[in-house]
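Below is one structure, written out as structure tokens; the observations come after it.
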């Protein structure tokens with residue numbers, strides 16, 4: 001599989017990994033808890049996807065040993081399905097971090113001045 005993709009999806013573990021979210025080349029993966037999403041028929045033979053390199057090198061690995069193929073949205077679905085779900089989980093993580101970043105005796109206004117407003121949305125960088 002390609003090694004410099006922006007996104008990796010591991011179907012067995014129900015994990016979507018975003019390699020673009022951190023500026024220091026780290027990656028963040030989240031388990032997406034949505035069985036109805038993962039059980040879609042067009043995912044049944046997929047093991048992993050590397051996405052966001054270039055259309056000609058985005059790869060799909062199959063469970064049954066079928067040779068790697070290029071990602072094809074007409075077969076595999078719109079990749080934004082994965083990004084949207086990852087963004088929702090990431091936003092919840094950011095909000096949880098904000099909610100738990102408290103200083104005793106600090107007012108809400110002081111907290112906002114110290115760390116900024118509570119995140120209300122998150123959109124991943126384009127692939």
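A short reminder: the numbers here are calculations on the coordinates, not readings from a lab. Owing to the predicted nature of the structure, the values given are computational and were not obtained by experimental measurement. Because the Cβ atoms are built from the backbone with ideal geometry, glycine has one as well, and the counts that use them run over all protein chains shown.
For the chain, take the longest principal axis of its alpha carbons; what is the angle in degrees between that and the long axis of helix 80-99, to the nearest 10 within 0 to 90?
That helix lies at roughly 20 degrees to the long axis.
If neighbour count is taken as other Cβ atoms inside 10 Å, put 103, 10, 60 in order from fewest to most.
On the way: 103 10, 10 16, 60 22.
Ascending Cβ contact count within 10 Å gives the list 103, 10, 60.
If you rank 58, 13, 35 by fewest surrounding Cβ atoms within 10 Å, what's the result? Don't jump to the answer; show the numbers that get you there.
Numbers: 58 23, 13 12, 35 8.
The order, fewest Cβ neighbours first, is 35, 13, 58.
Could you put 98, 7 in order, starting from the residue whose Cβ has the fewest other Cβ atoms within 10 Å?
Details: 98 16, 7 23.
Going from least to most buried by this count: 98, 7.
If you stretched the chain out fully between residue 57 and residue 109, how much longer would it get, using 0.36 nm times the residue separation minus the C-alpha to C-alpha distance? Walk me through the numbers on the way to the answer.
Working: separation 52, 0.36 × 52 = 18.72 nm, distance 4.83 nm.
Length gained, residue 57 through residue 109: 13.9 nm.
Top mean-square fluctuation among 44, 36, 70, Gaussian network model of the chain, C-alpha springs under 10 Å?
In this elastic network of the chain, the residue with the biggest mean-square fluctuation among 44, 36, 70 is 36.
Among 12, 81, 106, which one moves the most in a GNM of the chain with springs linking Cα atoms closer than 10 Å?
Among 12, 81, 106, the largest GNM mean-square fluctuation belongs to 106.
Given (i) 20.8, 68; (ii) 17.7, 60; (iii) 13.7, 48, which label gives Rg and Dmax of the Cα atoms in Å as computed from the coordinates?
(ii)
Can you pull the one-decimal nm distance between simple spin-label points at residue 84 and residue 41, each 7 Å off the Cα toward Cβ?
The two pseudo-label positions are separated by 2.0 nm.
Under a plain spin-label model, where a point goes 7 Å from the Cα along Cα-to-Cβ, how far apart in nm are residue 74 and residue 28?
Each label point lies 7 Å from its Cα, and together they span 3.6 nm.
Starting from the Kirkwood Rh over alpha-carbon pairs, what translational D in µm² s⁻¹ does the stretch 58-104 have by Stokes-Einstein at 25 °C and 0.890 mPa s? Provide the component values of the computation, followed by the final result.
Working: Rh = 13.6 Å.
Answer from the Stokes-Einstein relation: 180 µm²/s.
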